[in-house]
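FYI, it's all coordinate maths here, none of it is from the lab. Only a predicted model underlies this, so the values are computations on that prediction, with no experimental measurement involved. Here the Cβ is made from the backbone with ideal geometry for all residues, glycine too, and neighbour counts use every protein chain on show.
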Amino acid sequence: MEKEQSDANKPHEVPTELRDWSDLTTVCLVNIFQRLSLSDRWLIAMRVCKSWSDAARDSSLYTALNLEPAFEAYGAGRPDIAAWWTPAFQRRVDSMMRSVAEWSDAGLKEVRVRHCSDDALCFLAERSPELLILSVKSSRGVTDRSMSKVAMLCINLVELDISNCYEVSYRSIEIIGLNCPNLATLKRNLLNWLDPSQHRGVIPEDYLNALPQDGDTEALSISRFMVKLKHLELRFSKMSANGLMAIAEACKELEFLDLFGCANLTSRGIEQARAKLTKLTPNGLVKPNFYIPRSVFHTDRYGHWNLYDERFQTNVFQI
């Protein structure tokens, strides 16, 4: 009798139902995967089971491909690593671009990668008509061929970063400007050619030597075909005061202009250009202030700077 009363006082235990994670619906899985990083989706979720792998390829997860956080994390404060400039690494980036372009179902709007190839960029452009932001900086394999494809097929582009892409010429600037009327941001920065020692041992020597020399030609192309720009970066460009003035007279909407390291410009030329750019924000002009190491300055390569008192004070390039 006592045993029966004791059993009656025990809380009623509800049988536990065991469910398999693979039974989650695709909608639930996609909702979960949206909270994961790209690497977690690719390296973990896709490898669990077939249903998870299929859900991890849902087009809604691929409106953007942003590898910049990964580059910053693996670079550990360094802008470049020698391994990134190898064909093997380029193939890895290309593979990711192709996969995302396929899975996005033409919904890709933002791409931020480095070290990709012409073929991969063409493949992506053909499948990304809604692309708004494209950054392919430091891509030695990208040329005018793929940029022409981008210009013809991604006409809604509003931001373009072709920094350190030495095989891209002024022709790409022209065709992008002609076909992408909404472009508001252009980043065309170059590697530091004033003190290339920081790149040696990391970036291939032949690529460092391929630095574009036609700064004025590119500046004129910008002034003719990209007059609606609001943000323009031209770090270490070799353009002269003529190129800068062409931009200032044509690109009246500019709010930000980065001229850091533009060693062919003078204080006078910059002030004349600034007077015409009335929409620049208070901190919207980055001048070419640049430190020239004493060991570098006294070489033959920089000896001609002694002739320009306006550009030189002690061993600091100040404007």
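How would you classify the range 39-92 from its alpha-carbon gyration tensor, with a ≥ b ≥ c the square roots of the eigenvalues: rounded for a/c under 1.5, else prolate if a/b is greater than b/c, otherwise oblate? Each step should come with its number before you reach the end.
Values: a/c = 2.49, a/b = 2.15, b/c = 1.16.
Here the range 39-92 falls in the prolate category.
For the range 224-265, what class follows from the C-alpha gyration tensor (a ≥ b ≥ c being the square roots of its eigenvalues): rounded when a/c is under 1.5, otherwise prolate if a/b is larger than b/c, else oblate? The partial results should precede the final answer.
On the way: a/c = 2.39, a/b = 1.47, b/c = 1.63.
Note, shape of the range 224-265 comes out oblate.
From the phi of every residue in the range 247-264, what ³J(HN,Hα) in whole Hz does the Karplus formula 6.51 cos²θ - 1.76 cosθ + 1.60 yield, where θ is phi - 60° and glycine or proline is x?
Values, residue by residue: 5, 5, 6, 9, 8, 6, 8, 4, 10, 9, 9, 9, 10, 4, x, 7, 6, 8 Hz.
With r defined as the distance between the Cβ atoms of Ala82 and Leu24 and R0 fixed at 35 Å, what FRET efficiency is calculated, to the nearest 0.05? Let's see the in-between values first.
Details: r = 43 Å, r/R0 = 1.23.
Computed FRET efficiency for Ala82 and Leu24 comes out at 0.25.
Could you grab the relative contact order for the range 176-299? Cα pairs under 8 Å, six or more apart, rounded to a whole percent. Can you show the working numbers first?
On the way: 203 pairs, mean separation 31.1, N = 124.
Once normalised by length, the contact order is 25 percent.
Quick check: from the Cα gyration tensor, does the range 87-190 come out rounded (a/c under 1.5), prolate or oblate? Numbers along the way, then the final one.
Details: a/c = 1.72, a/b = 1.10, b/c = 1.57.
It comes out oblate by the Cα gyration axes.
Full-extension gain between Ser197 and Leu211, please, as 0.36 nm times their residue separation minus the C-alpha to C-alpha distance. If you can, show how the numbers build up before the last one.
Working: separation 14, 0.36 × 14 = 5.04 nm, distance 1.44 nm.
Length gained, Ser197 through Leu211: 3.6 nm.
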